[in-house]
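Only one structure is covered here, and it is reproduced in the block below.
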């Protein structure tokens, strides 16, 4: 194995010092002179026609500087893709959920802006609403979007092999239905943006986003402004988890308010707005049918899936595709059938949320596998090993797998957790459960785009500056990517200065999502670094009058091998490049991959083009209190195949955080609706886990060294919460025989299960 | 938050005068419930009267029984060495309220006067048979805590009355107590069910001299499970009798179903936690 | 009616004489009047701990404190812990332990830890968890935050 001096080291976050001092600037910390405060009027009803909006009283309020209604804004629908565009930044004739944007106010302070909202009078014609996706598809159900029949935004059907023949081959067939609930991202920083806009539409925006470059494109399209005139810059981001990828109506409205007033405008969501009117994890209902042989071979699997879209699309269609891909690609199964529907309802809308449909698919499939193991009287880990994916295989749905450490994850997690001993010596009310996962470790080029760019330049003093579109939202990419560049350049990563997350100065990057930054931006950074290294050596060869093949780079010097006296420092080379040769050394790297294989079917997502797939196993040990149904997670082991850990300290941080988010979703996190209204839009009733609720997470890093990943690395960010919930739920079953099929596994559900047992 | 006037009287008489002199006045103690209500526009005071300027209103006095000033913070109740020694169940209940940041602000009186059926201080103090001393426009007045709550978020307090002191009777020191709170998390929760039990029993024989059982979050106000208490008082605590009493307590609960839990589950929890609580007291090693 | 009140407070050992409306929270006063933006607003309802500051030695969620209530108080915010470039040992421990990801909960987490270690110099794991129960973190899963507190204890010895 290669020996690295910086890659693989436990280096703390390079931004941490600023963050612990409180000097790291987040968007909401920025105050511009003359800045106004924007607020948004949102629909209080789930479904209604807007007859009239009367702003006459509000405009008269002292301190109010501008009010926008749909008459004042471009009526251009948007989504993450033009194909699915269905959302206006301000509702024109109709609102479709409680929280829909109706009007926007800019005032001299927040208090006045809020008071102005109270003075806007809206004349409604309330419409019947539908909240359950199964009711929404029935004939005669209220229709959300005139052009969408039966409220079905998208269907996805796929069959690989022959499902009929598969089931005919099976010794045992099991069927069941699994449901998952809405989860809120709960980044501690809410959405916030500040915009300025000149009379000629030159826009500058500071914004909490995961994707500055796509945001620029979407702002341009929605506001009818040339993208080149929009400059998006992301300060420090206080967490995101998928919720800050989309265009937010607030961002577009912020620009329009700035334009109308000629002043900088800031819009910051309250926590309640964050809960009721920003995206959430799609609730799902998944009916599964599995056919297996007595020896555990899965010969057929079938899924009928309904994704509750909420009122608008956002990422919904792509989340449905991922639900299919991840369900279908995990395990070596020849015959697969998938039928999915994405259904509109009058509720807050789903979006990208850590795992992108995969945690939902994983929950259904991995609980089903536990039920199969029981039926076959087989060890659940052995069952998974029997069907596990292997390196370099092509799956039934035509997905090419390169590196794959699923079996290693399963066996290492088994050993670490003392699974075998604990299974053999079961204690009352205690149980242990397992679940496995697959996900992408580098986004996907299914949409045609999976790009990340980087530029590395040598400064005149021999130091380096790295510019990249990718941004650090807390996961640590600034640290990891500079480690990669530093490894190649032979310098301390801290010495490389950085420009990131700025559309005017960096090559575009799709953004920080899809567990793609380490792989994609890492590929761009390493390409740029190798390119710059070559230029440095070429310059050194010329200056030292040596053959380039005889040169080495070490300790910030270029020297002739075997003759350390014939050397040039980086500083000498940097200075020469600027002042003598007048040709500064700079290299670019740009990734947009992988090549789309001919097998890729954009309708069914067969041949899903991921640069690298990642695998993992979670093992949970729980204890159930029979008096209350309360589940305590005692031990937790998470094994992840991540290619190579560029920075194990940061990787562990991703795994620990993901697992805890997964435990929360498994046991209690639930954005609850009553008649379309969120009834728990705060942190006391929406239950994020506290420090008292979490077990110690043991992380196992399985390094399979991917052939295509930078230094062999693959992504990890989202993966760490994918198999958590089924591992917990399977452990509850092992503990007390209560099988939870609809999340979350609340104390009440577990208790009722125990009570039913008698 | 909407605008309001702020007054910080230096003595109780001025506080009562300010209550009577101002439009829509609210008393401000720790503010941990009130300010949230104001931020969400659930309450709209025109004037806040901050009681924290009144000398001595946040004192813990011990003379066999306890006298707790209404503005004693919940954190002070939690960490008071005297309370931990003499009536540790009160300290344990206090430790379950909110976070340390909240407990440093929230006051024992404020927690009672907010009138939440789930208030952590209410159930435990109700089980402790405590009395309240109110300052009024016409002098001091005393009443049992069991007379204080009238329904969700409402109490008997009149416009010219201020809760000044909570008095815990001397004899409570001879009881062993426990506070059980059920919520999804281990911290930061509003209880789905809160149970407070004070028991004076002969450990060797299991004979119950006296028991007090209070239930929170299962009725419009915190209540005492009187029927359950009657079954246990002056009886030997057999497993069967404990079970019978636990069921009686469950029958006395009249919870609602909401998004936090169903009524049926709450009633089941009352039964199981009352039994569990009595068992835990009987099996606890160090007497309290 | 609704007139401003004069308050005098000491923040990070610097004295301030201010006129505030009663509805100004301590959080907004620190962030917007004094420019101390290290104190973060996560929920504005006292549920997340991001706005934690130390008031007369006690941690409080500054979103639930009115500025007029703290007249005369001594307040420590995150900006008051380090001396120039030299980090406080707790800050250093958070950096070294990987306890910082997005950093939004970090100032509150560190200040709560400060109050904890001022009160209990060598806390047990249960005592740490009890003290930090009101500081929510969505990124780390808390494992490395516990590590950081334990490492800070060692650094402070």
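The values are calculated or read from the model by the stated rules, or taken from the named source; none is laboratory data. Quantities reported herein were computed from a predicted structural model and do not represent experimental measurements. No Cβ is skipped: glycine too gets one built from the backbone with ideal geometry, and neighbour counts run over all protein chains shown.
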Lone unmet requirement of (1) within 11 Å of chain C (Cβ to nearest Cβ); (2) more than 24 Å from the chain's Cα centre (by Cα) for residue A:690: (2)
Considering residues of segment A:394-422 that are touching a helix residue (DSSP H, G or I) at 6+ places or on another chain (Cβ under 9 Å) and without any contact (Cβ under 8 Å) to a residue 60 or more places away in the chain only, the residue surrounded by the most Cβ atoms within 10 Å (Cβ to Cβ): A:407
Residue count, segment C:96-123 (criterion: facing another protein chain (nearest Cβ under 7 Å) and surrounded by fewer than 22 Cβ atoms within 10 Å (Cβ to Cβ)): 1
Conditions (1) over 30 Å from residue B:14 (Cα atoms); (2) modelled with pLDDT under 95; number of the one not met by residue B:158: (1)
Total residues in segment B:46-72, condition under 23 Å from residue B:116 (Cβ atoms), over 17 Å from the mean Cα position of the chain (by Cα) and more than 10 Å from every other protein chain (Cβ to nearest Cβ): 3
Wholly within segment C:1-63, strands (runs of 3 or more DSSP E) carrying at least 1 residues that are out of contact with any helix residue (DSSP H, G or I) (no Cβ under 9 Å at 6 or more places or on another chain): C:5-11, C:14-20
Condition met for residue A:322 (crowded, with 24+ Cβ neighbours inside 10 Å, more than 22 Å from residue A:723 (Cβ to Cβ) and either assigned by TED's automatic domain parsing to the domain that holds residue A:221 or in contact (Cβ under 8 Å) with a residue 24 or more places away in the chain (or both)): no
Among residues of segment B:234-288, those that are within 14 Å of chain A (Cβ to nearest Cβ) and not in a helix (DSSP H, G or I), counted: 8
Any pair with Cβ under 7 angstrom, 6 or more apart, that starts in segment A:164-189 at a residue that is at pLDDT below 95 and ends at one that is not in a strand (DSSP E or B): none
Scope segment A:221-244; condition surrounded by fewer than 24 Cβ atoms within 10 Å (Cβ to Cβ), part of a loop (DSSP other than H, G, I, E, B) and in contact with a helix residue (DSSP H, G or I) (Cβ under 8 Å, 6 or more places away or on another chain); matching residues: A:225, A:226, A:235
Qualifying position, being within 26 Å of the chain's Cα centre (by Cα) and touching a residue at least 40 places away in the same chain (Cβ under 8 Å), among A:92, A:72, A:100: A:100
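Let's see how each residue does on (1) part of a loop (DSSP other than H, G, I, E, B); (2) surrounded by fewer than 22 Cβ atoms within 10 Å (Cβ to Cβ):
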site: A:83; (1), (2): no, yes
site: A:92; (1), (2): yes, yes
site: A:97; (1), (2): yes, no
site: A:103; (1), (2): no, no
site: A:106; (1), (2): no, no
site: A:112; (1), (2): no, yes
site: A:116; (1), (2): no, no
site: A:123; (1), (2): no, yes
Among the residues listed as C:57, C:42, C:35, the single one being surrounded by fewer than 24 Cβ atoms within 10 Å (Cβ to Cβ), farther than 22 Å from residue B:45 by Cβ, out of contact with any strand residue (DSSP E or B) (no Cβ under 7 Å at 6 or more places or on another chain) and within 14 Å of chain A (Cβ to nearest Cβ): C:35
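Conditions tested, residue by residue: (1) in contact (Cβ under 8 Å) with a residue 12 or more places away in the chain; (2) in contact with a strand residue (DSSP E or B) (Cβ under 8 Å, 6 or more places away or on another chain); (3) under 30 Å from residue B:54 (Cβ atoms).
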residue	(1), (2), (3)
B:150	yes, no, yes
B:163	yes, yes, yes
B:206	yes, yes, no
B:227	yes, no, no
B:262	no, no, no
Helices (runs of 4 or more DSSP H) (entirely within segment A:312-399) containing at least 2 residues that are farther than 30 Å from residue A:141 by Cβ: A:358-376, A:380-387
Among residues of segment C:124-148, those that are within 26 Å of residue A:189 (Cα to Cα) and more than 14 Å from chain B (Cβ to nearest Cβ), counted: 10
Selection within segment A:532-552 - closer than 23 Å to residue A:709 by Cβ and crowded, with 18+ Cβ neighbours inside 10 Å: A:532, A:533
Odd one out for residue A:335 among (1) surrounded by fewer than 20 Cβ atoms within 10 Å (Cβ to Cβ); (2) more than 19 Å from residue A:614 (Cβ to Cβ): (1)
Counted residues, segment A:446-482 - those being within 14 Å of chain C (Cβ to nearest Cβ) and not in a loop (DSSP other than H, G, I, E, B): 4
Neighbours by Cβ (under 6 Å, 6+ apart or cross-chain): first from segment A:220-242, more than 14 Å from every other protein chain (Cβ to nearest Cβ) and under 18 Å from residue C:137 (Cβ atoms); second in a helix (DSSP H, G or I) and at pLDDT 95 or above: none
Selected residue (criterion: nearest to the chain's Cα centre (by Cα)) from residues of segment B:85-110 that are more than 14 Å from every other protein chain (Cβ to nearest Cβ) and free of Cβ contacts under 8 Å to residues at least 60 places away in the same chain: B:108
Breaking point among (1) buried (at least 19 other Cβ atoms within 10 Å of the Cβ); (2) under 23 Å from residue B:119 (Cα atoms); (3) more than 12 Å from chain C (Cβ to nearest Cβ), for residue B:15: (2)
Qualifying positions in segment B:49-84 - in contact with a helix residue (DSSP H, G or I) (Cβ under 9 Å, 6 or more places away or on another chain), over 22 Å from residue C:60 (Cα atoms), surrounded by fewer than 18 Cβ atoms within 10 Å (Cβ to Cβ) and at pLDDT 95 or above: B:62, B:84
Residue A:270 farther than 25 Å from residue A:321 by Cβ, under 20 Å from the mean Cα position of the chain (by Cα) and not assigned by TED's automatic domain parsing to the domain that holds residue A:683: no
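Filter segment B:134-148 down to the residues that are surrounded by fewer than 20 Cβ atoms within 10 Å (Cβ to Cβ) and either assigned to a helix (DSSP H, G or I) or touching a residue at least 40 places away in the same chain (Cβ under 8 Å) (or both), then identify the one that is farthest from the chain's Cα centre (by Cα).
So, considering only residues that are surrounded by fewer than 20 Cβ atoms within 10 Å (Cβ to Cβ) and either assigned to a helix (DSSP H, G or I) or touching a residue at least 40 places away in the same chain (Cβ under 8 Å) (or both), the one farthest from the chain's Cα centre (by Cα) is B:137.
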Residue match in segment B:165-175 (condition: in a strand (DSSP E or B), more than 20 Å from residue B:32 (Cα to Cα) and touching a residue at least 12 places away in the same chain (Cβ under 8 Å)): yes
Filter result for the condition that a residue is at pLDDT 95 or above, surrounded by fewer than 20 Cβ atoms within 10 Å (Cβ to Cβ) and not assigned by TED's automatic domain parsing to the domain that holds residue A:272, over A:9, A:49: A:9
